[in-house]
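For reference, the structure discussed in these notes is given below.
A short reminder: the numbers here are calculations on the coordinates, not readings from a lab. This is a predicted model, so every value here is computed, not measured. Because the Cβ atoms are built from the backbone with ideal geometry, glycine has one as well, and the counts that use them run over all protein chains shown.
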Amino acid sequence: MWDDLKQSTARVKDRRMLDLFEDDTRADTFSAQTGDLRFDYSKTQIDGAIRDQLLALAEAAGVAGKRDAMFSGAAINDTEGRSVLHTALRNLDGDQVIVDGQDVMPEVLGTLARMEAYANAVRGGDITDVVNIGIGGSDLGPAMAVAALSPYHSGPRCHFVSNVDGAHIADTLQALDAKRTLVIVASKTFTTIETMTNARTARAWMADHGGDPTMHFAALSSNLEKTAAFGIPAERVFGFEDWVGGRYSMWGPIGLALMIAIGPDAFRAFLRGGQAMDQHFRTAQGAENMPLMLALVGIWHAQVQGHATRAVLPYDQRLGLLPSYLQQLEMESNGKSVTMNGGAADVPTGPVVWGAPGTNGQHAFYQLIHQGTRVIPCEFMVAANGHEPDLAHHHTLLLANCLAQSEALMRGRSLEEARAKVSAKFDGAELERQAAHRVFPGNRPSTTLIYPKLDPFTLGQIIALYEHRVFVEGVIFDINSFDQWGVELGKELATALQPILEGDATAGDKDGSTQALVDYISRHRDG
Ligand code: F6P
């Protein structure tokens with residue numbers, strides 16, 4: 001299968017992507033649509049034959065069966081012996097989901113109702129600021145969504161503290177009134193050193209500034225023993241099960257800050273968007289299936305064509321945190337090199353994901369995307385409408401730029417066109433030299449995800465779309481997308497280094513570089 005695809009790469013290597021549009025149905029044929037969300041991958045080299053090969057790859061990997069196993073609660077995260085059921089958190093109609101012989105939905109919906117009651121109480125009370133303390137999946141999801149949905153905010157201001165760098169919590173708390181601040185400690189395990197250090201600092205700050213940590217702390221966790229030991233009363237603890245992975249957790253209690261910001265109804269609309277994408281993923285056939293095609297287009301570019309990175313380029317300032325969110329979702333999930341049976345992966349797995357909102361990125365790194373030696377497949381996303389009717393002309397410009405970039409990547413600029421641009425100013429050898437700098441190779445692939453407006457429902461659709469893309473990729477790579485052993489070693493070594501840096505242990509067994517850095521720190525550290 002991979003060989004067939006490699007051969008197709010050779011077949012289309014010199015083809016002009018633009019020429020593919022001689023088929024005037026191409027834009028529709030190579031787009032997938034669900035509701036008003038449209039995913040256009042026509043500005044790629046994928047043709048009907050390649051798409052069939054990609055779909056065959058998915059079929060051979062057993063994507064559909066494994067998808068059904070995930071939704072049904074099978075323990076597909078088999079290095080941790082867990083089901084993978086973040087989809088149950090948005091299963092608002094409460095259809096049964098059985099784990100270990102028990103329907104989990106009554107508890108899921110019960111917790112949702114408790115969150116809603118609490119969010120309403122906070123929104124109706126005298127809290128002016130909410131500080132969510134968490135990291136990774138306990139931070140990026142709600143932080144990204146709170147920023148994305150700011151036009152829907154109707155509650156207290158939300159702040160997010162993640163980094164153990166004291167600067168983060170110090171800068172956040174310094175402007176807040178401890179008596180009117182709610183601190184949410186978000187940690188699935190309730191052991192993460194950064195989060196627990198920040199939580200203790202926030203608790204001391206609140207007590208020192210006349211606040212009441214017993215009343216103004218809430219916890220979101222699956223470790224109820226630890227939340228109790230920290231002193232957070234059970235009525236303000238919102239639990240979830242270990243079948244919700246950290247980077248997939250914003251649909252449940254980890255989404256509390258978002259729910260407080262936008263209100264329970266809008267939060268439910270966000271869940272409904274995710275649920276709609278689940279339904280689509282489970283039922284849409286072949287090329288009509290958007291998550292499947294998003295994954296396969298990514299595989300065509302990364303695993304088949306060998307492009308090691310991809311850029312996510314939301315033309316939406318409020319999606320500024322989406323690239324970081326997707327970095328965790330995609331790179332923590334699929335940055336693996338061992339297959340399910342413990343062997344070595346036989347294809348390069350998850351690509352490097354990076355990006356920034358347009359148009360800002362255009363004035364920073366797009367130079368490399370257009371004229372650099374590496375091909376960076378670009379994933380544009382944009383809404384047809386903004387939220388600022390008085391500034392509709394801004395939005396027109398934003399749209400024009402988004403469309404222009406994907407067109408420019410595909411079209412490029414030939415040497416003749418470049419010559420024509422500068423022929424009035426230069427001639428002879430200097431004309432050739434100047435023109436060469438103005439050539440754009442073109443034929444650079446991109447996709448565009450487009451939607452009417454970034455509302456809670458649409459955001460839910462988009463996040464679930466990316467989750468399922470990661471799932472499909474993981475199945476095709478034959479890896480476990482739901483563990484994250486690669487983060488453990490650094491954590492262990494940091495724990496061992498802490499007493500060394502505090503002078504309570506020696507760096508004797510450390511390598512020369514680490515020893516020298518420890519020495520440098522001890523010479524330069526104040527106090
Ligand atoms: O970095 C590893 C990780 O376990 C992530 O997977 C997770 O999202 C993050 O740490 C935070 O974990 P927790 O919610 O348990 O504090």
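Would you mind putting 332-345, 308-321 in packing order, based on average other-beta-carbon counts within 10 Å, highest first? It would help to have the intermediate numbers written out before the result.
Details: 332-345: 15.0, 308-321: 21.2.
Order by mean packing, descending: 308-321, 332-345.
State, as an integer percentage, the relative contact order of the range 125-268 based on alpha-carbon contacts under 8 Å between residues 6 or more apart.
Values: 255 pairs, mean separation 46.5, N = 144.
Across the range 125-268, relative contact order equals 32 percent.
Given H placed on each backbone N at 1.01 Å, which residues far from ARG413 in sequence or on other chains put an amide H within less than 5 Å of it?
The answer is PHE440, GLY442.
Given the C-alpha atoms of the range 195-297, compute the convex hull and give its volume per residue in Å³. Walk me through the numbers before you get to the answer.
Values: hull volume 14.8 nm³, N = 103.
For the range 195-297, the hull spanned by Cα atoms encloses 143 Å³ per residue.
Counting DSSP beta bridges with both partners in the chain, what percentage is antiparallel, nearest 5?
Details: 12 of 43 bridges.
If we restrict to bridges inside the chain, about 30 percent are antiparallel.
Please pull out the direction-averaged projected area of the chain, using the convex hull of its alpha-carbon atoms, in nm² to one decimal place.
On the way: hull surface 120.5 nm².
If I average the Cα hull's projected area over directions, I get 30.1 nm².
Quick check: Cα centre of the range 2-72 to Cα centre of the range 383-415, how many Å?
What the calculation gives is 25 Å, centre to centre.
Kindly provide the helix-only [θ] at 222 nm of the chain, computed as the sum of -39,500 (n - 2.57) over DSSP H runs of four or more divided by all residues, to the nearest 500 deg cm²/dmol?
For the chain, the value works out to -13500 deg cm²/dmol.
I want to check a number: in the chain, how many lysine pairs have alpha carbons closer than 24 Å, given a sequence separation of 8 or more or different chains?
Eligible lysine pairs with Cα atoms under 24 Å apart amount to 11.
First select every other residue whose beta carbon is under 11 angstrom from the beta carbon of PHE240; then total the charges, Lys and Arg +1, Asp and Glu -1.
Values: positive: LYS188; negative: GLU107, GLU241, ASP242.
Its environment carries a net charge of -2.
Using the Cα centre of the chain as the reference point, and only Cβ charges (+1 on K/R, -1 on D/E), how large is the resulting charge dipole? Debye, rounded to the nearest 20. Could the numbers behind the result be given before it?
Numbers: 45 positive and 64 negative charges, 219 e Å.
Its charge dipole is roughly 1060 debye.
Given H placed 1.01 Å from N in the peptide plane, which residues other than close sequence neighbours of CYS158 have an amide H under 5 Å from its amide H?
Answer set, sorted by chain and number: VAL130.
Mean separation of Cα pairs under 8 Å and 6+ residues apart, divided by the residue count of the chain: what relative contact order is that in percent?
Values: 861 pairs, mean separation 98.2, N = 527.
The value is 19 percent.
No solvent, one uniform scatterer per C-alpha: report log10 I(q)/I(0) for the range 107-157 via the Debye equation at q = 0.16, 0.19, 0.22 1/Å, two decimals.
Log-scaled intensity ratios, in q order: -0.59, -0.82, -1.05.
Separation of the range 76-141 and the range 338-358 by C-alpha centroid, Å?
Spelled out, the Cα-based centre of one part sits 28 Å from the other.
Once the piece of chain linking THR197 and ALA113 is laid out straight, how much longer is it, given 0.36 nm per residue of separation minus the C-alpha distance between them? Write out the running numbers ahead of the final one.
Numbers: separation 84, 0.36 × 84 = 30.24 nm, distance 3.01 nm.
Net length gain for the segment: 27.2 nm.
According to the square roots a ≥ b ≥ c of the eigenvalues of the Cα gyration tensor, what is the shape class of the range 125-268, taking rounded for a/c under 1.5, prolate for a/b larger than b/c otherwise, and oblate for the remainder?
On the way: a/c = 1.37, a/b = 1.06, b/c = 1.29.
Rounded shape, in that the Cα axes give a/c under 1.5.
If I take the Cα coordinates of the range 311-436 and project them onto the principal axes, what are the three extents in Å, biggest first?
64, 46, 19
Compute the separation of the alpha-carbon centres of the range 250-271 and the range 475-527 and state it in Å as a whole number.
Using only Cα atoms to place each centre, the spacing works out to 36 Å.
So, by mean Cβ neighbours within 10 angstrom, what's the order for 254-261, 444-451 with the highest one leading? Could the numbers behind the result be given before it?
Numbers: 254-261: 28.5, 444-451: 23.1.
Per-residue mean Cβ counts within 10 Å order the peptides as 254-261, 444-451.
For a quick protection proxy, order the peptides 454-462, 187-195, 20-28 by their average other-Cβ count within 10 Å, most packed first. If you can, show how the numbers build up before the last one.
Values: 454-462: 23.4, 187-195: 20.6, 20-28: 12.1.
Output ranking for 454-462, 187-195, 20-28: 454-462, 187-195, 20-28.
Each residue of the range 131-144 in order: what ³J(HN,Hα) in whole Hz does its phi give by Karplus 6.51 cos²θ - 1.76 cosθ + 1.60, θ = phi - 60°, with x for Gly and Pro?
The phi angles translate into 10, 8, 9, x, 8, x, x, 8, 9, 5, x, x, 5, 4 Hz.
Working only with C-alpha atoms, what are the Rg and Dmax values of the range 173-249, expressed in angstrom?
12.6, 39
Take the Cα gyration tensor of the range 257-372, multiply each eigenvalue by 5, square-root it, and list the three semi-axes largest first, rounded to whole angstrom.
Working: eigenvalues 144, 108, 45 Å².
Rounded to whole Å, the semi-axes are 27, 23, 15.
From the backbone phi of the range 429-445, what are the Karplus-calculated ³J(HN,Hα) couplings (6.51 cos²θ - 1.76 cosθ + 1.60, θ = phi - 60°) in whole Hz, Gly and Pro given as x?
Along the range 429-445, the couplings run 5, 5, 4, 4, 5, 5, 5, 4, 6, 9, 7, 10, x, x, 6, 9, x Hz.
Mind computing the radius of gyration and Dmax over the alpha-carbon atoms of the range 1-131? Å is fine for both.
Over the range 1-131's Cα set, Rg and Dmax evaluate to 22.9, 66 Å.
Could you pull out every residue, at least 5 positions away or on a different chain, whose amide H is within less than 5 Å of the one on GLY355? Hs are placed 1.01 Å off N in the peptide plane, and Pro or chain starts have none.
VAL312
Counting Lys and Arg as +1 and Asp and Glu as -1, what is the net charge of the other residues whose Cβ lies under 14 Å from the Cβ of LEU397?
Numbers: positive: none; negative: ASP316, GLU388.
My count for the surroundings of LEU397 gives -2.
Output ³J(HN,Hα) for the range 266-282: one whole-Hz value per residue in order, computed from phi by the Karplus curve 6.51 cos²θ - 1.76 cosθ + 1.60 with θ = phi - 60°, and x for Gly and Pro.
Whole-Hz 3J(HN,Hα) from phi for the range 266-282: 5, 5, 5, 4, 4, 4, 4, x, x, 5, 5, 5, 4, 4, 4, 4, 7.
For ILE450, what charge total do you get from the other residues with a beta carbon under 15 Å from its beta carbon, if Lys and Arg give +1 and Asp and Glu give -1? Please report the intermediate quantities before stating the final value.
Values: positive: ARG38, LYS43, LYS453; negative: ASP28, ASP36, ASP40, ASP316, GLU379, GLU407, ASP455.
That works out to -4.
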